[in-house]
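A short worksheet on the structure shown next.
Coordinate-derived values only; no laboratory data. Bear in mind that the values here come from a model prediction, so they are computed numbers and not experimental data. Virtual Cβ from ideal backbone geometry, glycine too; neighbours counted across all protein chains shown.
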Amino acid sequence: AGKGEIIQIHIGQAGVQIANACWELYCLEHGVIANGRLIQQPPDDSFLTFFECTSQQSCVQPRVVMIDTEPTVIDEIRTGAYKNLFHPDTLITGKDDSGSNFSRGYNLMASELLDRSMNAIRRVADRCRGLRGFLVYRAIGGGSGSGLGTRIMEKLVEDFGKKMTIVEFLVYPSPSISPVIVEPYNALLATHFSMDCADVSFIVDNEALYDICANTLNVPAPTYTNLNRIIGQVVAGFTASQRFGGQSSVSFQELQTNLVPYPRIHYPLINYAPLVPHSHAQFVNMSTAQLTGQCFQMSNQMVRCNPSHGKYMACVLLYRGDIATNEINLALENIKRTRSFRFVDWSPTGFKVGVSNMPPAYVPGGDLAPTNSACVAVSNNTNIRIAWCRLVNKFDKLYQRRAFVYHYVGEGLEEGNFAEASENICQLVHDYLEVDATAPNSRRGTDADDGGSTGSN
Ligand code: GDP
């Protein structure tokens, strides 16, 4: 493939269930039916970034590896509608639950599954001609995605070197959705141990998705399937220019170069538009300006925080479908003019723009109305620190009483790792604050009146 290949790695229950939503969409978009047969001629070979051709004529299979410590979630794929799409060697399962325990996933489960997982990944990698990177999907609040997932991240860096770009989608814990009390432990430990492995990590907050479903899409009691389908559309939009030819594409490496000014500051915000419920519209036909405007609303954000209380370091807009490129600049000028949209003073306030011709696929029975265009905005904004603050506070509340710590120490973690993890994430929050401070609020006096919103921590 001209663009080089990307291997997707889905780990743990959330990671694998998100795979269902993502691959359903990729298949729809590329005209691949459930048994892997291509029923429409691809316009060019860009689809080879995500799919490989098999020995059977007109058949493809995903460049993917799915991994879980216990079999039930992956068994649903093994017996489900797409059972013939995925090669059985790419579906890796153990026999035991990781018990929502980072330490168990990182130590015990990894001793059983790490080699098998890496062998599967290597087999897929060996069939690539110009492998460029990995897209990893996992939740950080459980045990498998967080613990085993972290071991896999470490090993990816060790085995494939820093030449590969590793991009992650991390499901962030949400107490109102998951009853597991130790999620802050798992999430912070996973973030601490894997911080240096990932080049770019997108946080997807289940609570934000839940709000989008309930408030915007008229789905009052969303299930994981509803949440995952939103993630699917976001990821599909994010990767469209990798999978299709386009007017201007943004490669993984460019994404990292543009978005990540310092290695640790690699947690961009992700926004998506249009979010219009199926019940409201037969078909969504927004102007490019409207689409761009909607994309920057807080209700279209995948993490709860307020970007207007922070500063932007960079922003990449990935458009797809029927886009009036001449309207983009004007729309962006409009957004920049709003006072709440502030860049740090060392950033040239540049927006990097990618446009792919292929519109989003419509998922029959889905919550989103069909549309002719979409936009994913990924931006590095200092206010994301709020998400980390929230987590550190919850972590500290548990850890002050040393609650449940023995479960982790019993599975091979050292107690010192807890304090280290907490310190590291506090430092991350400070790193963001420091970046925030590099653009004086009182710059030429113009921002002074809304400076108060930035100062609060
Ligand atoms: P693991 O298999 O041990 O990694 O555990 P999970 O993947 O179930 O991680 C637990 C976290 O993931 C909790 O915060 C859950 O709310 C969340 N979660 C579990 N399944 C899904 C899913 O299918 N989609 C989403 N968005 N979140 C999920």
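Per-structure values
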{"read-out": "Stretch gain in nm, segment Lys95-Asn306, where the contour uses 0.36 nm per residue and the Cα spacing is subtracted", "value": "71.7 nm"}
{"read-out": "Inter-site label distance for Lys83 and Asp115 at 7 Å from Cα along Cβ, in nm", "value": "3.0"}
{"read-out": "Residue order, fewest to most surrounding Cβ atoms within 10 angstrom, among Glu112, Glu70", "value": "Glu112, Glu70"}
{"read-out": "Alpha-carbon Debye profile of region 143-216, log10 I(q)/I(0) at 0.17, 0.25, 0.27 Å⁻¹", "value": "-0.69, -1.14, -1.25"}
{"read-out": "Lysine pairs in the chain with Cα atoms under 23 Å, if 8 or more residues apart or on separate chains", "value": "10"}
{"read-out": "Region 338-414: C-alpha gyration tensor shape, a/c 1.5 cut-off, then a/b vs b/c", "value": "oblate"}
{"read-out": "Label point distance in nm, Asp345-Lys163, each placed 7 Å from Cα along Cα→Cβ", "value": "4.2"}
{"read-out": "Pair Ser176, Glu415: separation of 7 Å Cα→Cβ label points (nm)", "value": "3.6"}
{"read-out": "Cα gyration tensor, region 232-308 - rounded (a/c under 1.5), prolate or oblate", "value": "oblate"}
{"read-out": "For region 257-407: rounded, prolate or oblate by the Cα gyration tensor [a/c cutoff 1.5]", "value": "oblate"}
{"read-out": "Shape box of region 6-385 [Cα atoms, principal axes, largest first, Å]", "value": "55, 47, 43"}
{"read-out": "Region 205-264 and region 5-79: distance between their alpha carbon centers, rounded to Å", "value": "18"}
{"read-out": "Footprinting exposure proxy for Val65, Val276 (fewest neighbouring C-beta atoms within 10 Å first)", "value": "Val276, Val65"}
{"read-out": "Share of alpha-carbon pairs per 10 Å distance bin for region 386-446, given as whole %", "value": "19, 38, 23, 12, 7, 2"}
{"read-out": "Relative exposure of Glu414, Glu183, judged by other C-beta atoms within 10 Å (fewest first)", "value": "Glu414, Glu183"}
